[in-house]
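Student: I'd like to ask some things about the structure below.
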Amino acid sequence: MLALTGCLPQPGPRRGRESEAQMSERLETLKKARERMADDRDSFAKTLAAPFDRDKAERARLKFIETQVVIDAIDRAIAGEQTGPATA
């Protein structure tokens, strides 16, 4: 039987730090994206709260809903990053 132990990369302190750094960077990116989407959502809410203009209100309502769906997806991605990688 062939022993492959020496051929496989062994996890070490550096590898763990790189992985943590990548996760941290992804998490920060997701948080920034969420913040930006929340700002967009707020502007659509202001349009909805303004005096009624049918065309603007309809567009703002649709964009508000689309933006909220994106925020929900980002929240799920953030939760996934915080819990760690999924096992298959």
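Student: Size of the dipole of region 28-82 about the Cα centre, Lys and Arg at +1 and Asp and Glu at -1 on the beta carbon, nothing else charged, in debye to 20?
Tutor: With Lys and Arg at +1 and Asp and Glu at -1, about 140 debye.
Student: Read phi for every residue in region 71-79 and hand back ³J(HN,Hα) as whole Hz from Karplus 6.51 cos²θ - 1.76 cosθ + 1.60, θ = phi - 60°, with x for Gly and Pro.
Tutor: 4, 4, 5, 5, 4, 5, 5, 4, 4
All of the numbers you see were taken from the coordinates with simple rules; none came from a lab. Predicted, not measured: the structure shown is a model, and the values here were computed from it. With ideal geometry, Cβ positions are generated from the backbone for all residues, glycine too; neighbour counts draw on all protein chains shown.
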